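In what follows, a structure is listed as structure tokens, so that the remarks can point back to it.
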Amino acid sequence: MFTGIVAAVGKIESVKPLEGGSFAGVRLDIHAGGLPLADVNLGDSIAINGACMTVIEKDATNFRVDVSRESLNKTVGLDTLTEVNLEKALTLNERLGGHLVSGHVDGLGVVRKFEPVGESWELVVEAPHDLAKFLAYKGSIVVNGVSLTVNRISDLGAGADLVCQFSINLIPHTIAVTTLKHLAVGAKVNLEIDLIARYVERMVSLGAA
């Protein structure tokens, strides 16, 4: 489990295909940036842009993970040399500064607006149709591993054509300490819905059956 509070910005320094042809994943060598690795053991989990990955090797400054083809197909930003948001798995003696995050990406959103508003920035993301029902005003959403609060929702269209755009206010601190500063209109982002919303939807759907 994670909190969605980014601990450091690292960088993917190499992407090496694993054996298995077009169905194989990749091995990433990631510079941890300011993320301390002294207490990280092999087999521990680290969220990379919101996707939970298992550490298979490490040294003083870098760690390595294997990313399956399925994970590559469901996420963005894990197959290129770029900066990434990093967070170590939550321990029971830490503050829950964001919200409970599983590190399992539910879908890809598309940035529709990213503009300064006063001292902050407004980020508008279009979510996939099947995630629209999990988004709520003042609810939580994870964007590229960052726990954020939904400020406004616009449901456009209807039925199978329904799309949901949600707006988020990014304070200067969030811009400064995460990779969200690099977003642009048209960019894809990893989304994880609120864990509680997922269970509520399951209970309601069974109760209505």
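Taking (1) assigned to a loop (DSSP other than H, G, I, E, B); (2) surrounded by 20 or more Cβ atoms within 10 Å (Cβ to Cβ); (3) touching a Leu at 6+ places or on another chain (Cβ under 8 Å) in turn, Gly77 satisfies each apart from (3). At least 1 residues being touching a helix residue (DSSP H, G or I) at 6+ places or on another chain (Cβ under 8 Å) is the threshold, and among the strands (runs of 3 or more DSSP E) wholly inside region 1-70 those reaching it are 8-17, 26-31, 51-58. Checking every residue in region 91-100 against the condition of being part of a strand (DSSP E or B) and polar (S, T, N, Q) gives zero matches. Looking at the structure I just gave you, is Asp29 in contact with a Lys or Arg (Cβ under 6 Å, 6 or more places away or on another chain) and not basic (Lys, Arg)? Yes: the conditions hold for Asp29. Restricting attention to region 80-113 and to residues that are β-branched (Val, Ile, Thr) and surrounded by 16 or more Cβ atoms within 10 Å (Cβ to Cβ), the residue that is modelled with the lowest pLDDT turns out to be Val101. Look at region 42-69: where a residue is outside the structural domain of Thr82 (by the TED database), no partner that is open to solvent by less than 60 Å² (accessible area, probe 1.4 Å) and at pLDDT 95 or above sits 6+ places away or on another chain with Cβ atoms under 7 Å.
Of the residues making up region 126-148, one or more are open to solvent by less than 70 Å² (accessible area, probe 1.4 Å), out of contact with any Phe, Trp or Tyr (no Cβ under 8 Å at 6 or more places or on another chain) and acidic (Asp, Glu).
For Val55, the criteria (1) crowded, with 18+ Cβ neighbours inside 10 Å; (2) of a type in the set (A, V, I, L, M); (3) over 25 Å from Leu191 (Cβ atoms) hold in every case but one, which is (3).
For every residue, the table says whether it meets (1) of a type in the set (Asp, Glu); (2) out of contact with any Gly (no Cβ under 8 Å at 6 or more places or on another chain).
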{"residue": "Gly4", "(1), (2)": "no, no"}
{"residue": "Gly10", "(1), (2)": "no, no"}
{"residue": "Gly34", "(1), (2)": "no, yes"}
{"residue": "Val40", "(1), (2)": "no, yes"}
{"residue": "Gly43", "(1), (2)": "no, yes"}
{"residue": "Ile48", "(1), (2)": "no, no"}
{"residue": "Asn62", "(1), (2)": "no, yes"}
{"residue": "Asp66", "(1), (2)": "yes, no"}
{"residue": "Asp79", "(1), (2)": "yes, yes"}
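If you go through region 21-37 and pick out every residue that is open to solvent by 50 Å² or more (accessible area, probe 1.4 Å) and farther than 18 Å from Cys52 by Cβ, you end up with 6. Scanning region 150-209 for residues that are closer than 22 Å to Gly103 by Cα, open to solvent by 50 Å² or more (accessible area, probe 1.4 Å) and in contact with a helix residue (DSSP H, G or I) (Cβ under 8 Å, 6 or more places away or on another chain) turns up Lys181, Arg198, Glu201.
The values are calculated or read from the model by the stated rules, or taken from the named source; none is laboratory data. All figures in this text were calculated on a predicted structure; none of them were measured in a lab. For neighbour counting, all protein chains shown are included, and Cβ atoms are generated from backbone atoms with ideal geometry for every residue, glycine included. SASA here: full protein model, heavy atoms, side chains in, ligands and nucleic acids out. Shrake-Rupley method; radii C 1.70, N 1.55, O 1.52, S 1.80 Å.
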